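The values are calculated or read from the model by the stated rules, or taken from the named source; none is laboratory data. Nothing here was measured: the structure is a model prediction, and the numbers come from that model. Using ideal geometry, Cβ is built from the backbone for each residue, glycine included, and neighbour counts are taken over all protein chains shown.
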Amino acid sequence: MKVLPMTWQRLVNDAGQTCPRCRDTGSEVQAAVERLRQALAPLGVEPQLQTQELSEATFLAEPVVSNRILINGEPIEHWLGAQTGTSPCCEQCGDNECRTLAMDGQTYEVIPQALIVRAGLIAATRMLDSTLPS
């Protein structure tokens, strides 16, 4: 079985809490991985999710890395033809601008399951295409 690596990064403060944006994206990521697991199993591909906790120091140095989703080593924006944006978040994030996803005139603070699944399917297809003999 081929592995489709997926990574989700988010801020986790000293109290073990994350912001609402990251918490809600985490739920969407979990649901998307389950849908991808079902969809990709017949193709011999298994999505494997790794979650990474970012310290407050890491977040403060580069807030845009929080709430980032990587699929097969590339940010979700790469697979979707989307852009990374930023917007104010919450008390836990302070005055920092947190990551958003901009696509087709829509800005997403919480990354929806449907977009994560779409990106995963595109990544898996490209991964399978690259293993076919020419």
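Some values worked out for this structure:
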read-out: Test: residue in segment 4-15 that is assigned to a helix (DSSP H, G or I) and either among the β-branched types (Val, Ile, Thr) or over 13 Å from the mean Cα position of the chain (by Cα) (or both); value: no
read-out: Those residues of segment 77-117 which are surrounded by fewer than 17 Cβ atoms within 10 Å (Cβ to Cβ), modelled with pLDDT of 90 or more and of a type in the set (D, E, K, R), in sequence order; value: Asp104
read-out: Selection count, segment 68-96, where residues are under 26 Å from Gly120 (Cα atoms), touching a Leu at 6+ places or on another chain (Cβ under 8 Å) and not small (Gly, Ala, Ser); value: 7
read-out: Residue in segment 37-56 that is over 15 Å from the mean Cα position of the chain (by Cα) and farther than 30 Å from Asp129 by Cα present; value: yes
read-out: Condition check for Glu62: of a type in the set (D, E, K, R) and modelled with pLDDT of 95 or more; value: no
read-out: Residue within segment 37-48 that is β-branched (Val, Ile, Thr) and either in contact with a Leu (Cβ under 8 Å, 6 or more places away or on another chain) or touching a residue at least 24 places away in the same chain (Cβ under 8 Å) (or both) present; value: yes
read-out: Check on Val3, among the β-branched types (Val, Ile, Thr) and either touching a His at 6+ places or on another chain (Cβ under 6 Å) or without any contact (Cβ under 8 Å) to a residue 60 or more places away in the chain (or both); value: yes
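A quick yes/no check of all residues on (1) in contact with a strand residue (DSSP E or B) (Cβ under 8 Å, 6 or more places away or on another chain); (2) hydroxyl-bearing (Ser, Thr, Tyr); (3) at positive phi:
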{"residue": "Gln17", "(1), (2), (3)": "no, no, no"}
{"residue": "Cys22", "(1), (2), (3)": "yes, no, no"}
{"residue": "Thr25", "(1), (2), (3)": "yes, yes, no"}
{"residue": "Gln30", "(1), (2), (3)": "yes, no, no"}
{"residue": "Glu34", "(1), (2), (3)": "no, no, no"}
{"residue": "Ile71", "(1), (2), (3)": "yes, no, no"}
{"residue": "Gln83", "(1), (2), (3)": "yes, no, no"}
{"residue": "Ser87", "(1), (2), (3)": "yes, yes, no"}
